Each structure stands twice: as C-alpha cells, then as structure tokens.
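Values in this text are rule-based calculations from the coordinates and carry no lab data. Please read these numbers as outputs of a predicted model, since none were measured by experiment. When we count neighbours, we look across all protein chains shown, and the Cβ atoms used for this are built from the backbone with ideal geometry, even at glycine.
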Amino acid sequence: MDFALNSDQITLSSALDKLVSRYLSPPTDFRGFCLTSDTLEQELEQGGFFEAAQIPELGPVAAAAMVERLARLPYTVEAALSMLLSAQLEGDWPRPFAVIEHGRPGRFVAQAGTLIILDGNQVGITRASPDLVESMDSLYGYPMGRLKSSAVYTPLSAADAANVHKWLRVALAAEAAGLLQAALDTVIEHLSVRKQFGRPLGSFQAVQHRMAESTVLARGVRLLALKAAWSEDAGDAALAALHAQESATRVVYDLHQFMGAMGMTLEFPLHLWSYRLKALLSELDGRAGQAKAVAALCFN
Amino acid sequence: MEFSWNQQQTEFRATVRDFLAQNLPDNWESIAHGPGSASQSEFSKQFCARLADAGLLVPHWPRQWGGREADAWSSFILAEEMWAAGEPRGGQYMNVNWIGPTLMRFGTEAQQQRYIPPMAQGETIWCQGFSEPEAGSDLASLRTKAEKQGDHYCINGQKIWTSYAGEAETCFLLARTGSGKKGISIFLLPMDTPGIIVVEIPSLIGEGDIHEVFFENVMVPATAMLGEEGQAWDIVRTALSLERVGIPRFALASRMLQRAVDFLKQRDRFHSGAAEQAARAKAACEATRLFSYEIIDQRQKGITAGAEASVARVATVNCERLVAEFVVEHLPETLASGDPLLLAHHQRGIVAGIASGAAEIQLNLIATQLLQLPREPR
C-alpha cells in the first residue's frame, strides 16, 4: 500500500504539468460553451502523452492521473479513452475516441478517429469518417457530435465488451475527478473574495459545510478512480464510476448555488467543468447502470 | 502507487483472523449487549489477555512496554479486523490506541509503572472524562474544577456521555485548574476514589454505554496529574492526533452491508431498488477505506495528517449512514430482533458523527484548513 506516485510517474506528471501550464486560464474574451485547443492536442501528441501509460513502469495509474490533470484545464481534449482504453483494443485504432450510446449524441463524436458503439448488450467498434458523423451545438462543455446514419460496426466478444465497459468506467471516473476538483477550486476562489454582509461568503458556515462535503466527495472519486486504474478490476471500476456520477449530481448543484448570478454567466468559467460533469451523468446508463454493475460485481 | 498488501501485511491479517476464529465464541455477538456493558467488559478482559499473550494487543508499542514496534499498517490492520468483528476489545481499544502511548510520552515513571503494564496485559478499563453538560464540541469551556489543597487537588463537578464509566478502573480526566485553554489539567483518577458517583444513562447505543459522572470533593494526590498544570490542551491534541483517523468503522459497515445483502438474496428480496442503494453504500465504504489508508500511508512515512483526517471522518459518517439506512429500509426486522451484529452495528452507527469530534467540527476544519476558506467571525 503506497499512495505516492513512483519516480517514473512523478517525472511524467511533472512533464505534463509543464506542458499544461500554458493552458491554465481561458482566453479573457471567451464567452462560449465549449473550449478546445488544437495546440494543446498537438503538444500532447508530440510529447507522446497519449501512449505514455503503455510503458510498464507508468501503467494505467499514470494514465488516470494524467486524465484527471487534463480534466482540470478549462480546455477540453479527448484524453481519457486515448490514454486508458486504447491500449486494451486489439488492432490499430486511431484517436480521438468517442462513444455512441443508444444512438445518442456523444462527446468528441465529430472529431473521432474511432467510435465505440454501445448498443443494447452489444459493444462494437468502428472507424469514424467525416461522412458518418456531424457536430452539433450543445450546452455541455465538450464538442458534441452524432451519427448521421446508423453505423456499421464490428461487434466485440462478450469478454472484450466487458473489458471495454470496465475501462470506460475508469475513464469516466478519472475525468470526473479532475472536473470536480477544478470546479471546486474556481468556486473556492470566488467565495474567498466576494463579500456580503461585510464578510467573505466563504466564512458562512452554511456555505463552508457544503463545500467541505463536496470536497470529501471529489477526493473520494479521485482515489476510487486511481484504485480502479491500478487494480484493473471491473468491480472497482463500477464503484468509481458510480461514486463519480453520484457526487457530480450533488456537487454541480451546490457550486452553481454558491456562485449566484455570476455562475450563470458565460464570463465565469464554472460551466466549463460543471456542464462537462452534466455530460458525464447520463453516460454508461447513468447511476442506475453503474449501481447495477456494482451490485453484480461487488457483493459475494 | 500501490494498492495491494505486502506479504508481511497479508500474513499479519491472516494471523489476526485466525486468532479471532479461535478465540471469539460462537455466541460472541450476543454477549455484547452494548460496548460498555458489564458482560462485554468482563469478556474484554479475558479476550484482551489472550490477545496480549498472542502478541496482538499492543504490537505497535515499544518493546519496553510489551510491544514489538510494529508499524502503522499493522496497528491499523489489527483495528480493522477487531472492529469488523464487532470490537471484542470493548473500551480497551482506547488504552491501546492513545491512552497508553500518551502516558508513555507525558507520564512520570511512577504513573507509567502503575498504569501501562495492566493495559499491555489487557486487564484494565479506562474511561475518558472529557464532555460536560456545558462543554461538548466546545470542550475548552469545561467547568469541572480541581483546586490545589496542599499536596492534593480537590475535584468538584460533572462529566457526561462518559463511555465505559460504569466498568472503568481509571478515568483520564480533564479538570480546570485555571482560566482559559491553558487552565485545564489532566488527572489519572482511580474510579474507586471516594466522592465519585456514576449514573448510567439509558441509551439507543446499548447497555452501559454512556454515563453521568459526578465528582463531589474528590481528593486526588498531585502526583496523579499527567504532565504539568495547564498542559491538558497540548497533551490532548497530541493524544488525539494518534487517533485522528478514528475507528475503522468502514470495516464493520462494509461487512454488515454484505451480510444484509446476503439476507436479502436468501429471501429473494434483493430487487433493483435495494441493489442500487446497496451499491451507493458500498462505494461510500470503499472511498472511506481509501481515505483511511491514505492517512496510514502518511503516518507510516512520518507525516502527520492534517485536515485529511477530517475528510476521512466525514466520509466515515457518510458510509455508516448509508449502510444503516439501507439496512433499516430493506431489512426492517433487524431493529426488531434477529441478527445481533447487524443490530449492534445499527445501534453504534448513531455515534459515528458525534463521538470524538462532531462531524460539523470536522467540516469546519476541512473548510478552513484544507480549502482555506475564511474563518467564521467569532
């Protein structure tokens, strides 16, 4: 039992910290719903970050830690599936990866090189092509897209399908952990500065307690995600994803509440993380889907 | 990062489990009517003596006092297994975790020689004289007074909610010798000293758990003081830092969740609504487990946990609550009769957010220390 990253993981994490240091704030004139950066994507590609975790000394824990770190940025990039799922797939599948669940719109679908299709009990995989997908506007802080027509895909065996489900859950939890932390951080800053009744909002116990409870939830999601990445256990993955969706519901509501009207504006960046969390809430059949998996996998 | 146990830790856990399998009688779960009951206290003295013989009562203590300087993981694994079994050590877990180590650090040689060996032998029960009618979370406002009279102190006042007081031989007592936080001192007070009256408070937790303790002109020699006059606050803070991660309640909560699920499955009552609720409780238990391990990992590396310990405590309260709510909603017969350990878990669960620092105080600490939110004006 050791909660510290190993020296290789620390080196990787420092390199990533250095890379992302140029992407810590949104452009001052940004007023949109979705913020992406081609240069961030290119730098991650060129730096070999998407494949880094395939080195045995780094492994899925390092990948999950990178996903968590990147999710804290105001810019979004498809990293979770590239870093955590890609290595699990047989054959050479180009990134970015996107998931189509029950034919619904999904994150990064219009940009995807590879589509994972969740269709009832079947899981399939196919290459994406521009004629197959289209982008769409949405409130979610991710670039959203959908299929133009139903996709033809290669169905995976039951074992491979279960493995894909497992890593999708780890990816969701790692991404959510970063989003939760970044959303909390931005609100903490506001609560420390904004004064009403002559004192900072963050000094009111009614606010402090709910922020503290949100912190407990966010930190739990992070640890469960890292543990699941380490153990590669389907039950751990389901626990992490369940706790992520469960926590996101609660935390997103509270954070917007504490931001008051400022949190409704596109000027304040909270929505970049909170509306991304909303996108994650429905994925993989939502909380009910995760709970069903936990009930099947985590009790004798 | 590494989430698995090494061979030594795995073997140690197996040793503890073997010991429990051999030394806990089949009817153990019905012996403990309450954690402070007479039957539990009596049982704990036999049980802890056997634990001591097996080297499993105080393995993390220094060799000088009967330990073998086992690491932080060993003592936590021991605590997990004991709590998951329903804590057969009863109130003696306090001796092992913090009263003994605090005496080793702050006690005089005479105090150490008198009190530590019986703890290491599993023969003695202590109670903790902290809370008062007007001093709960705001402990510094306590009023029980100790007045110096020659080479003695005369103690007058009242404690309340004192666990194990009915069975304890000695009290770790906080009393006022001056004003403010610096005016509180600690006395190691034999409970058979004339002038002490213990009254049990019937409670939801179980038989003999909480008490009022009255002190009327209780004369105690000055040599019974632990540390210097007025040093209580510093000593207690150090003592509680030994214990900050708290009881591994998630271990029993997790086990009781599994037990409740087993009952429901056997009766074909584990329907999808129950399964969802059980899953949420399970996730909360596992998050709590990781928070606790993270703190032990730090302790092992010589880092004292700060507000992270409060995170673990709040998570503990959440998981206890989710398991208790699951059980009462889906297995309501638990509170009427039936499985004694499930019942005991439910009874003790009510304490999770209250004993050793209310959950709200932990939330304050997280907000101000971890999140660095501005303090509430006082």
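Quick notes on this structure:
- Amide H partners (placed H, <5 Å) of residue A:2, local residues excluded: B:2, B:3, B:4
- Net lengthening on full extension, residue B:200/residue B:54 (0.36 nm per residue, minus Cα-Cα): 49.2 nm
- Cα-based shape type of the range A:61-185, given that a ≥ b ≥ c are square roots of the gyration tensor eigenvalues and the cut on a/c is 1.5: oblate
- In the range A:1-47, a dipole from Cβ-located charges (positive for Lys and Arg, negative for Asp and Glu) runs towards its positive end, and of A:34, A:47, A:1 it is A:34 whose Cα lies farthest in that direction.
- Counting neighbouring Cβ atoms within 10 Å and putting the fewest first, the residues A:23, B:115 line up as A:23, B:115.
- The range B:204-265 - Rg over Rh from alpha carbon coordinates, Kirkwood radius: 1.21
- Dipole of chain B [Lys/Arg +1, Asp/Glu -1 at C-beta], most positive-end residue of B:208, B:341, B:256: B:256
- Shape class for the range B:244-370, computed from the alpha carbon gyration tensor (a ≥ b ≥ c): prolate, with a/c not under 1.5 and a/b above b/c.
- Charge dipole magnitude, Cβ of K and R +1, D and E -1 - the range B:110-209, Cα centre, debye nearest 20: 600
- Sparse-neighbourhood loop sites, trypsin sites (Lys or Arg not before Pro) in the range B:259-349 - DSSP loop, at most 14 other Cβ within 10 angstrom: B:267, B:269, B:301
- Remark on the protein assembly as shown: hydrodynamic radius 27.2 angstrom, per the Kirkwood mean of 1/r across alpha carbon pairs.
- Electrostatic dipole magnitude of chain A [Cβ: Lys, Arg +1; Asp, Glu -1; Cα centre; debye, to 20]: 1060
- Of A:286, A:91, A:198, the one that fluctuates the most in a GNM where chain A has Cα springs shorter than 10 Å: A:198
- Among B:124, B:108, B:368, the largest mean-square fluctuation in a Gaussian network model of chain B, built with springs joining Cα atoms closer than 10 Å, belongs to B:368.
- Neighbouring Cβ atoms from other chains, within 10 Å of the Cβ of residues in A:204-211, number 5 on average.
- Each peptide among B:88-95, A:238-245 gets the average number of other Cβ atoms lying within 10 Å of its residues, and from highest to lowest they stand as A:238-245, B:88-95.
- DSSP H segments from chain B that extend 15 Å or more along their own axis, Cα-based, with Kyte-Doolittle mean of -0.5 or above: B:38-53, B:72-84, B:249-266, B:272-300, B:308-330
- The fraction of Cα-Cα pairs per 20 angstrom bin, counted from 0 for chain B, comes to 27, 59, 13, 0 percent, rounded to whole percents.
- Ordered by the count of other Cβ atoms within 10 Å of each Cβ, fewest first, B:193, B:334, A:28, B:10 give A:28, B:10, B:193, B:334.
- Dimensionless Rg ratio for the range B:7-124, taking C-alpha atoms and the 2.2 N^0.38 Å reference: 1.04
- When the alpha carbon gyration tensor of the range A:159-297 is reduced to an equivalent ellipsoid, its three semi-axes come out at 32, 14, 11 angstrom, largest first.
- Put a plus charge on the Cβ of each Lys and Arg, a minus charge on the Cβ of each Asp and Glu, and nothing anywhere else: the dipole of the protein assembly as shown about its Cα centre is then about 1140 debye.
- Only helical runs count toward this figure. For chain A, summing -39,500 (n - 2.57) over DSSP H runs of n ≥ 4 and dividing by all residues gives -17500 deg cm²/dmol at 222 nm.
- Using a Förster distance of 56 Å, the FRET efficiency for residue A:92-residue B:68 (Cβ separation, nearest 0.05): 0.50
- Kyte-Doolittle at least -0.5, axis length at least 15 Å by Cα - qualifying DSSP helices, chain A: A:7-20, A:59-71, A:158-193, A:205-231, A:234-259, A:270-281, A:286-297
- q = 0.09, 0.10, 0.12 Å⁻¹, chain A: log10 I(q)/I(0) [Debye, one scatterer per Cα]: -0.42, -0.53, -0.77
- The range B:127-231 - Kirkwood radius from inverse mean 1/r over Cα pairs (Å): 13.6
- Per residue of peptide B:283-296, the mean number of Cβ atoms on other chains within 10 Å of the residue Cβ is 6.
- Sequence of B:163, A:86, B:272 once ranked by neighbouring C-beta atoms within 10 Å, starting from the fewest: B:272, A:86, B:163
- Considering only A:216, A:123, A:161, the residue lying farthest towards the positive end of the dipole of the protein assembly as shown is A:216, judged by Cα position with unit charges set on Cβ.
- Links that overshoot a 18 Å alpha carbon limit, given the list A:166/A:278; B:148/B:182; A:227/B:265; A:292/B:282; A:148/A:278; B:145/B:181: A:166/A:278; A:227/B:265; A:148/A:278
- Comparing B:155, B:184, B:354 in a Gaussian network model of chain B where C-alpha atoms under 10 Å apart are linked, the largest mean-square fluctuation is found at B:354.
- Paramagnetic reach from residue A:31 in the range A:163-201 [backbone N under 14 Å; point 7 Å along Cα→Cβ]: none
- Mean residue ellipticity (222 nm) of chain B, computed from DSSP H runs ≥ 4 via -39,500 (n - 2.57), nearest 500: -14000 deg cm²/dmol
- Taking a ≥ b ≥ c as the square roots of the eigenvalues of the Cα gyration tensor, the range B:161-217 is prolate, since a/c reaches 1.5 or more and a/b is larger than b/c.
- When both bridge partners sit in chain A, DSSP labels roughly 75% of those beta bridges antiparallel.
- Peptide-level mean, for A:237-248, of C-beta atoms on other protein chains within 10 Å: 3
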